[in-house]
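**Student:** Submitted below is the structure of interest, expressed as structure tokens.
The values are calculated or read from the model by the stated rules, or taken from the named source; none is laboratory data. Owing to the predicted nature of the structure, the values given are computational and were not obtained by experimental measurement. Positions of Cβ are backbone-derived with ideal geometry, glycine not excepted, and every protein chain shown enters the neighbour counts. Each accessible area value is taken on the protein alone, full model and side chains, heavy atoms only, with ligands, DNA and RNA left out. Shrake-Rupley method; radii C 1.70, N 1.55, O 1.52, S 1.80 Å.
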Amino acid sequence: MAIIDNMVSLKHLVTMETLTNEEVLGLIKRGIAFKKNEAHFTPERQYFAANLFFESSTRTHKSFEVAEKKLGLDVIEFDAKTSSVNKGETLYDTILTMSSLGIDICVIRHAKEDYYKELIGSRTIQTSIVNGGDGSGQHPSQCLLDLMTIYEEFGRFEQLKVAIVGDITHSRVAKSNMQILKRLGAELYFAGPEQWYSDEFDVYGKHVDLDEIVDEVDVMMMLRVQHERHDSDKVFSKETYHNRYGLTQERYNRLKPSAIIMHPAPVNRDVEIASQLVEAPKSRIATQMQNGVFVRMAILEAVLNGKA
């Protein structure tokens, strides 16, 4: 990985941990430039991209597709339900096939944590891997669009107070964000059910009661309750969760005038956030979705720079 002529160059993007602060800021600023129509990309040759989503997705899947088409890439359709996965084909062999067919970039979401390690460690697979989410592991493109949204708002990360609230243990968004935000100088707080929190996160911030910090934070980052990763008998009722850990109208009213609300979506309305607050003046949820296209353009461009 490197910065060449102010352009980020990557072989793969699978985790935020391997990015330097300079590369993170480079991708953010490039995303903002694409958004302002101040950056342009012209492919040197015909490039092929495939989006392989083995878990459900709307925002990540479709924003990558829009980003690919905006960059002029040829998008090869892939549907796990009609692929050879149903014949027992492994993920490795699926990607080996894609690489052999000449696919330049594979964007992958998979339930297996760290699925990408055997792919990027292969001598045979030549396609670049972009991680669209691995189980409860990492979600680097979501992290970068979150960072872009914060940077657009405040122009910095240093000394910003950021609360990450909710189902932290099962959230790949939380894990990606806490690592890089801490490194960029933000002050982190965690809130939510104690049983959905791990002591391993104490190195990044401290676990507090939401009502203790709601008046102080600059960024209120709410997380989706990961129902698909819980036993049904261990999930709170909607009303109980919302009252104890959600962003209610009362808590919203206590936020600083300059504070913003974020959520990776999809939103469980009236659980993590009161339904009327999803599009409230302090909400940046729709902005996050919009920024997802542009920061993913920056990611894809960086990977193609690496190939060049």
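**Student:** Work out the length of the dipole vector of the chain about its Cα centre, built from +1 on the beta-carbon of each Lys and Arg and -1 on the beta-carbon of each Asp and Glu, and round it to the nearest 20 debye. Let's see the in-between values first.
**Tutor:** Values: 36 positive and 44 negative charges, 141 e Å.
That gives the chain a dipole magnitude of about 680 debye.
**Student:** For residue 52, list long-range residues whose amide hydrogen, built 1.01 Å from N in the peptide plane, is under 5 Å from its own amide hydrogen.
**Tutor:** 107, 108, 109
**Student:** Oh, and also: Need the C-alpha centroid separation for region 17-93 versus region 117-162, integer Å.
**Tutor:** If we compute the Cα centre of each part, the gap is 12 Å.
**Student:** Region 279-308 to region 244-271: how many Å between their Cα centroids?
**Tutor:** Spelled out, the Cα-based centre of one part sits 22 Å from the other.
**Student:** What whole-number value in Å² describes the accessible area per residue of region 189-308 for a 1.4 Å probe?
**Tutor:** Numbers: 5340 Å² over 120 residues.
Accessible area per residue: 44 Å².
**Student:** Sketch the reach of a paramagnetic label on residue 208 as a point 7 Å from Cα along Cα-to-Cβ, and name the residues of region 260-274 whose backbone nitrogen lies under 19 Å away.
**Tutor:** Under 19 Å, as judged by backbone N against the label point of residue 208, lie 260-262 of region 260-274.
**Student:** Given (i) 19.2; (ii) 23.9; (iii) 19.9 as candidate values of Kirkwood radius over Cα pairs in Å, which corresponds to the one derived from the coordinates?
**Tutor:** Among (i) 19.2; (ii) 23.9; (iii) 19.9, the one derived from this structure is (iii).
**Student:** Right, next: For residue 243 and residue 46, what is the calculated FRET efficiency with R₀ set at 45 Å and r taken between the beta-carbons, to the nearest 0.05? Present the calculation step by step, with values, prior to reporting the outcome.
**Tutor:** Values: r = 55 Å, r/R0 = 1.22.
Efficiency, rounded to the nearest 0.05: 0.25.
**Student:** Mind checking which helices in the chain clear 18 Å along their axis (Cα) and have mean Kyte-Doolittle hydropathy of 0.5 or more, DSSP H runs only?
**Tutor:** On the way: long enough: 21-35 (21 Å, 0.12); 140-154 (21 Å, 0.31); 285-307 (33 Å, 0.60).
Once both thresholds are applied, what remains is 285-307.
**Student:** Here's something else I'd like to know. Dipole size in debye (nearest 20) for region 1-125 around its Cα centre, Lys and Arg Cβ +1, Asp and Glu Cβ -1? Spell out each step's value before the answer.
**Tutor:** Details: 16 positive and 18 negative charges, 62 e Å.
That gives region 1-125 a dipole magnitude of about 300 debye.
**Student:** So, one more: Counting only protein heavy atoms, what percent of the accessible surface of region 39-197 is carbon or sulfur at a 1.4 Å probe?
**Tutor:** That share works out to 45 percent.
**Student:** Hey, another quick one. Go through 69/182; 11/256; 206/238; 36/182 and tell me which ones have a Cα-Cα distance over 32 Å in this structure. The partial results should precede the final answer.
**Tutor:** On the way: 69/182 34 Å; 11/256 41 Å; 206/238 25 Å; 36/182 28 Å.
Check vs 32 Å cut-off fails for 69/182; 11/256.
**Student:** Still on this structure: By per-residue mean of other Cβ atoms within 10 Å, what is the highest-first order of 296-307, 202-213, 268-279?
**Tutor:** On the way: 296-307: 23.4, 202-213: 14.2, 268-279: 18.0.
Averaged packing, sorted descending, gives the order 296-307, 268-279, 202-213.
**Student:** Still on this structure, please answer the following. Among rounded, prolate and oblate, which fits region 238-286 when a ≥ b ≥ c are the square roots of the eigenvalues of its C-alpha gyration tensor, a/c under 1.5 means rounded, and a/b larger than b/c means prolate?
**Tutor:** In terms of gyration-tensor shape, oblate.
**Student:** Mind ranking 55-64, 23-32 by how tightly packed they are, going by the mean number of other C-beta atoms within 10 angstrom, highest first?
**Tutor:** Details: 55-64: 17.3, 23-32: 21.4.
In descending order of packing, they fall as 23-32, 55-64.
**Student:** With a ≥ b ≥ c the root eigenvalues of the C-alpha gyration tensor of region 183-308, is it rounded (a/c under 1.5), prolate (a/b larger than b/c) or oblate? Don't skip to the answer; put the middle values down first.
**Tutor:** On the way: a/c = 1.56, a/b = 1.45, b/c = 1.08.
Verdict is prolate for region 183-308.
**Student:** Distance in nm between label sites at residue 159 and residue 250, each 7 Å beyond Cα in the beta-carbon direction?
**Tutor:** Modelled inter-label distance: 3.3 nm.
**Student:** Please work out how much length the chain gains when fully extended from residue 286 to residue 215, using 0.36 nm per residue of separation minus the C-alpha to C-alpha distance, in nm with one decimal. Numbers along the way, then the final one.
**Tutor:** Details: separation 71, 0.36 × 71 = 25.56 nm, distance 2.32 nm.
Answer, rounded to one decimal: 23.2 nm.
**Student:** For every helix of n ≥ 4 consecutive DSSP H residues, a contribution of -39,500 (n - 2.57) applies; sum these over the chain, divide by its total residues, and give [θ] at 222 nm rounded to the nearest 500 deg cm²/dmol.
**Tutor:** The helix contribution divided over the chain gives -10500 deg cm²/dmol.
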